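What follows draws every value from the coordinates through simple rules; no lab data is involved. Source: prediction; values computed, not measured. Cβ coordinates were reconstructed from backbone atoms using ideal geometry, including for glycine residues, and neighbour counts include every protein chain displayed.
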Amino acid sequence: MTVTHTNPEETTQRETKSPLRQLLAVQATDIEIAQLTKTRQGLPARAACAATEAKLQQASQLQAKIKDHMDALDSEQKTTEQEIEELDRRLKESNARLYSSETTGLRAIEALQEQITGLKRRKQVAEEVVLDLISRRDSAVEKRDLVDAKHSEITQQLAQQTESLKTEEDKIDAVLKELSETRQAQILGIPQALLQDYESRRDRFGGVGVASLADQHCFGCDLNIMHPVAEVERMRQAPPDTPIDCSECGRIIVIVA
């Protein structure tokens, strides 16, 4: 009887080239990509940027509110100053009439004097309003300057945090690019139908579409589950490179031991 000796290296090469074994490698890379993508999304620097952006937005809103308040004060001051100008004009006219030779009679003179007194009282009130508006505007300017300084400080802080975040993202993106290139090399030779089946299951089963089976344990299931010997033997009897479904988790099974 002739005994045929199998070269272990040839066996390893055949296993490595097996589409199902290749699929396991693809799965491992996909897991790395998913984990790294999750890490990228959850970078502490990203949360710091978001918090600083929220502060910057609050500062911007306060700036806008202060500006509106100052615009309102300016508008009221302008209106009041125009009122004072009108009162001055009327006072001049009344005074001119009071001392005019055309104004005669005690009652007419008294009426004009009362009118002048009323105009002066209104002017005094208006002038006090203007002084109050000026004081309030000065306070608003001080508050605006403080908010502007804070806004500038937050803007600088955000710029630094954004730069730091970009540096971290760039590092991760470089690794993701390498992993993507590795994956492209890994899927070469895998039948399109098998690859599509894997992608479909990966979408359905939380990112894992294929799993290895060793010692009656499917690594796609809970490892506490031990598959019946008969079930494992049924899987082992399947033709080589034939996708086998795990009866428990529904993933493609690759028997490795």
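A few points about this structure:
- Close amide H pairs (under 5 Å, H built 1.01 Å from N) link residue 218 with 227, residues at least 5 positions away or on another chain.
- Between the stretch 98-138 and the stretch 51-79, the Cα center-to-center distance that results, in Å: 36 Å
- Pairs of Cα atoms farther than 22 Å apart, the chain, %: 75 percent
- With the Kirkwood sum run over all distinct C-alpha pairs, the stretch 197-257 has a hydrodynamic radius of 11.5 Å.
- Computed label-point distance, nm, for sites residue 34 and residue 132 using a 7 Å Cα→Cβ extension: 6.8 nm
- Extension gain (nm, one decimal) between residue 63 and residue 51, 0.36 nm per residue minus Cα-Cα: 2.5 nm
- Across the stretch 191-255, Cα pairs under 8 Å and at least six residues apart give a relative contact order of 32 percent.
- Taking max minus min of the alpha-carbon positions on each principal axis, the stretch 7-152 gives extents of 137, 24, 16 Å, largest first.
- Segment residue 142-residue 192, extension gain: residue separation times 0.36 nm, minus the distance between their alpha carbons: 11.1 nm
- Distance from the Cα centroid of the stretch 208-257 to that of the stretch 192-207 is 16 Å (rounded to whole angstrom).
- Modelled this way, with points 7 Å down the Cα-to-C-beta line, the labels at residue 75 and residue 159 are 3.5 nm from one another.
- Mean Cα-pair separation over length for the stretch 41-186, i.e. relative contact order, pairs under 8 Å, 6 or more apart, %: 44 percent
- Sequence ranges 235-241, 196-202, ranked by mean other-Cβ count within 10 angstrom, highest first: 196-202, 235-241
- Residues whose amide H lies under 5 Å from that of residue 255, counting only those 5 or more places away or on a different chain, are 213; hydrogens are built 1.01 Å from N in the peptide plane.
- Per-residue Cβ neighbour rank within 10 angstrom, fewest leading, 229, 208: 229, 208
- Magnitude of the charge dipole for the stretch 41-186, about its Cα centre and with charges confined to Cβ atoms of Lys, Arg (+1) and Asp, Glu (-1), is about 340 debye.
- Using R0 = 51 Å, the C-beta based FRET efficiency linking residue 166 and residue 88 works out to 0.25.
- Note, ³J(HN,Hα) from phi for the stretch 62-76, Karplus 6.51, -1.76, 1.60, rounded to Hz, x at Gly and Pro: 5, 4, 5, 5, 5, 4, 4, 5, 5, 4, 5, 5, 4, 5, 5
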